[in-house]
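Only one structure is covered here, and it is reproduced in the block below.
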Amino acid sequence: LTLLIQIPQTLIEDLIEIAKIIVIVLGAFIADRLVSRYLRSFARIANISVEALGGLKLIIRFLILAVALIFLSSVKWFPTEYLAGGGALMGAIVGIALATTVSNFFSGAFVLFSRVISVGDYIRFDSDEGLVVDMSINFTKIRKSDGSTIIISNKDIASKKIVNFRAEEKGETYYVYPLEFSTSIEIPMEKVEAVIAKIEEKLRDRIADIKLKIEDITRLEIKYKILFKVRNAELIPEIKDKIYEILAETLLAGE
């Protein structure tokens, strides 16, 4: 008791302030770890990658930082004279960043949870098309048929027209891809159907179904559309090239 009385009051106050700082920093760290753990669990339950929730994690970290700064402002060493000006500047910067992040987050959340597109789908976006190989809360990666990868903002995906070739039929997932070609009006329909039968025979181990439709007839040509169905979207570029190759060797070559 005598020893405690001899400790200067200012030292005790300083120790209390140091303890406050330690508790606040430790609390912010623990909160961040708990959020990360919860998001990993949620990602497993929702069957999405942890990276897909990166935007949400960033928003929560901003909130944890803001709460920590509020508590730190009660510490006597905290430079409160800079809090107003610095806080306004930081608030503006964080506000702009959060506005973009929140906008991207909700766009990404819509794309992810509405299942408009999913990893493994084959889609067309503007003039590009390819296989969806990865998705996060902000971006979607698409691998084109030439092997290159394009990265599209989920905000663009949510606001623009996307063609997804995925189709659900009797509880099974297929991908139905259209191909268009034209022939001379002189080539009979029977010959075209025979070529389609030949294509179906050659590709029967890779396609589930193939159909032929007439799109338009003019004085000089007939426009057709082929619809082929596959279970694995990765096969679409290969099958598309093979079909065009067979068409070029037969109908389009005038055989």
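Can you go through Glu215, Glu186, Glu190, Glu245 and tell me which one is assigned to a strand (DSSP E or B) and without any contact (Cβ under 8 Å) to a residue 40 or more places away in the chain? Reasoning before the result, please.
On the way: Glu186 fails: assigned to a strand (DSSP E or B); Glu190 fails: assigned to a strand (DSSP E or B); Glu245 fails: assigned to a strand (DSSP E or B).
Exactly one of Glu215, Glu186, Glu190, Glu245 is assigned to a strand (DSSP E or B) and without any contact (Cβ under 8 Å) to a residue 40 or more places away in the chain, namely Glu215.
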Which pairs do you get when a residue that is small (Gly, Ala, Ser), found in region 159-172, comes within reach of a residue that is at pLDDT 85 or above, reach meaning Cβ atoms under 9 angstrom, with the pair 6+ apart or on two chains? Ala167/Thr173; Ala167/Tyr174; Ala167/Tyr175; Ala167/Val176; Ala167/Lys229
Within region 137-170, which residues are surrounded by 20 or more Cβ atoms within 10 Å (Cβ to Cβ) and either of a type in the set (Lys, Arg) or touching a Leu at 6+ places or on another chain (Cβ under 9 Å) (or both)? Ile137, Ile142, Asn154
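Matching residues to (1) under 22 Å from Ile123 (Cβ atoms); (2) assigned to a helix (DSSP H, G or I); (3) in contact (Cβ under 8 Å) with a residue 12 or more places away in the chain; (4) in contact with a Cys (Cβ under 6 Å, 6 or more places away or on another chain):
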{"position": "Tyr175", "(1), (2), (3), (4)": "yes, no, yes, no"}
{"position": "Leu179", "(1), (2), (3), (4)": "yes, no, yes, no"}
{"position": "Ile196", "(1), (2), (3), (4)": "no, yes, yes, no"}
{"position": "Glu200", "(1), (2), (3), (4)": "no, yes, no, no"}
{"position": "Ile207", "(1), (2), (3), (4)": "yes, no, yes, no"}
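For (1) at pLDDT 90 or above; (2) of a type in the set (Asp, Glu); (3) surrounded by 13 or more Cβ atoms within 10 Å (Cβ to Cβ); (4) not assigned by TED's automatic domain parsing to the domain that holds Ser127, each residue gets a yes or a no:
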| position | (1), (2), (3), (4) |
| --- | --- |
| Glu172 | no, yes, no, yes |
| Val176 | yes, no, yes, yes |
| Phe181 | yes, no, yes, yes |
| Ser184 | no, no, no, yes |
| Val195 | yes, no, yes, yes |
| Leu203 | yes, no, yes, yes |
| Ala208 | yes, no, yes, yes |
| Leu212 | yes, no, yes, yes |
Name the single residue that is nearest to Glu172 (Cα to Cα) among those in region 214-231 being surrounded by fewer than 16 Cβ atoms within 10 Å (Cβ to Cβ) and among the aliphatic types (A, V, I, L, M). Leu227
I'd like the residue in region 64-83 that is out of contact with any Gly (no Cβ under 9 Å at 6 or more places or on another chain) and farther than 14 Å from Val25 by Cα and, out of all such residues, is modelled with the highest pLDDT. Lys76
So Leu53 fits all but one of (1) surrounded by fewer than 16 Cβ atoms within 10 Å (Cβ to Cβ); (2) among the aliphatic types (A, V, I, L, M); (3) under 16 Å from Ser136 (Cβ atoms); (4) modelled with pLDDT under 65; what number is the exception? (1)
Tell me which residues, restricted to region 102-125, are at pLDDT below 85 and either buried (at least 17 other Cβ atoms within 10 Å of the Cβ) or charged (D, E, K, R) (or both). Asn104, Phe105, Ser107, Gly108, Ala109, Val111, Leu112, Arg115
How many of the residues making up region 126-136 are surrounded by 13 or more Cβ atoms within 10 Å (Cβ to Cβ) and assigned to a loop (DSSP other than H, G, I, E, B)? 1
Checking Ala194 against (1) among the hydrophobic types (A, V, I, L, M, F, W, C); (2) farther than 29 Å from Val119 by Cβ; (3) touching a helix residue (DSSP H, G or I) at 6+ places or on another chain (Cβ under 8 Å), which test does it fail? (3)
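The values are calculated or read from the model by the stated rules, or taken from the named source; none is laboratory data. Quick caveat, the model's predicted, so the values are computed rather than measured. Here Cβ is always computed from backbone atoms with ideal geometry, including for glycine, and neighbour counts include all displayed protein chains.
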